[in-house]
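The next block holds one structure in the form of structure tokens; read it before the comments.
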Amino acid sequence: MDKSAKDPAKISTMFSTIAPRYDLLNRVLSLGIDGYWRRFAVNQLPKVENAKFLDVATGTCEVALEIAKKYPDAKVSGVDFSEGMLELGREKVRKAGHQGRIDVRLADVTSLPFEDNTFDASIIAFGIRNVQDYKKGIAEMGRVVKSGGKVVILEFTSIQNRFFKLPYRFYITKVLTFIGEMVSGRKGAYKYLPSSMLEFPSPDEFKRSMEETGLQDVKYYKLTFGVTAVHVGTKPK
Ligand SMILES: C[S@@+](CC[C@H](N)C(=O)[O-])C[C@H]1O[C@@H](n2cnc3c(N)ncnc32)[C@H](O)[C@@H]1O
């Protein structure tokens, strides 16, 4: 993929443009499975009393809200660099009555506005593939986590299953872009999605990148025939 396709200014504008239809499109394009993928990732967070979690690239706060539901005594910070996505996220947090527990702010994944060793875990769902220097993003997620804390990453993977590979390619290069453009009403907005999904590193390669940033015991779980994977790493003590 052309590197300029991941230019941060372009990516944040693209997400602000599609923000109003983002949640609906997720449900439709994933055939309703996206909620299960996020719940699986949230389940990998450590069970700690009064935990502090960071949801990176929180977008419309889907993961932050899932955490608030599953961990009733946890505090969540959500960051994203698209004001359009965050606006919708803040509204959902307010409607759910979680303003006191979920704090949302504008920030880039590669430069997180938090001290070292602040959170019990950091999590990112469907955000890391958009980050130009994704290793820097992983390193930042590790930096702000306490020793022994977790870094959890949910992302699409380059699918390996040989029976599923071709129909999947057809679905994301043809069907997904067509529906994406129809529902969002934005021509071109969904063109970037297939290449960012298909060209993302394999789960093993991604695991190595996490290890290179200093995370240990990195494990991954493939979900739904390997359409997505959840990687979990631990910050050394
Ligand atoms: C596909 S959405 C995922 C949103 C949410 N995590 C979810 O599960 O629905 C990707 C989000 O990543 C954000 N994003 C991409 N690159 C980023 C970066 N470098 N810094 C902060 N946010 C970023 C986008 O603005 C967008 O809201």
Projected onto their principal axes, the Cα atoms of the chain stretch, largest extent first, over whole-Å spans of 45, 38, 31
What is the sum of charges, Lys and Arg at +1 and Asp and Glu at -1, for the other residues whose Cβ falls under 15 Å from the Cβ of residue 17?
-1
Given Cα pairs under 8 Å that are at least 6 residues apart, what percent is the relative contact order of the range 111-175?
39
Residue 28 versus residue 165: modelled label distance in nm, points set 7 Å from Cα along the beta carbon direction
3.1
For the chain, give me the percentage of DSSP beta bridges that are antiparallel, rounded to the nearest 5 percent.
40
Distance in Å, no decimals, from the C-alpha centre of the range 201-233 to the one of the range 30-72 is 18
Lysine pairs in the range 71-230 with Cα atoms under 23 Å, if 8 or more residues apart or on separate chains:
26
For n ≥ 4 DSSP H runs only, could you compute -39500 (n - 2.57) per run for the chain, divide by its residues and tell me the 222 nm figure to the nearest 500?
-12500 deg cm²/dmol
Fewest first, what order do 156, 119 take by the number of other Cβ atoms within 10 Å?
156, 119
Pop out the ³J(HN,Hα) list for the range 220-230 in order, Karplus 6.51 cos²θ - 1.76 cosθ + 1.60 with θ = phi - 60°, rounded to Hz; leave Gly and Pro as x.
9, 10, 8, 10, 6, 6, x, 5, 10, 9, 10
Given H placed 1.01 Å from N in the peptide plane, which residues other than close sequence neighbours of residue 149 have an amide H under 5 Å from its amide H?
235
From Cα pairs below 8 angstrom and at least 6 apart in sequence, can you work out the relative contact order of the chain, rounded to a whole percent?
20
Roughly how many debye, to the nearest 20, is the charge dipole of the chain about its Cα centre, given +1 on each Lys and Arg Cβ, -1 on each Asp and Glu Cβ, and no other charges?
560
Using the reciprocal of the averaged 1/r over all distinct C-alpha pairs, how large is the Kirkwood radius of the range 83-143 in Å?
13.1
In the neighbourhood of residue 113 defined by beta carbon distances under 11 Å, the net charge of the other residues (Lys, Arg +1; Asp, Glu -1) is -2
Which order do 66, 212 fall in if you start with the one that has the fewest other Cβ atoms within 10 Å?
212, 66
Taking the Cβ of residue 51 as the centre, find all other residues whose Cβ is under 13 Å away and add up their charges (Lys, Arg: +1; Asp, Glu: -1).
+3
Got a sec? How would 45, 54 order by Cβ neighbour count within 10 Å, fewest to most?
45, 54
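Since every read-out is calculated from the coordinates, none of them should be taken as a lab result. Keep in mind that what you see is a predicted model, and the values were worked out from it rather than measured. All Cβ positions, even for glycine, are placed from backbone atoms using ideal geometry, and neighbour counts span all protein chains on display.
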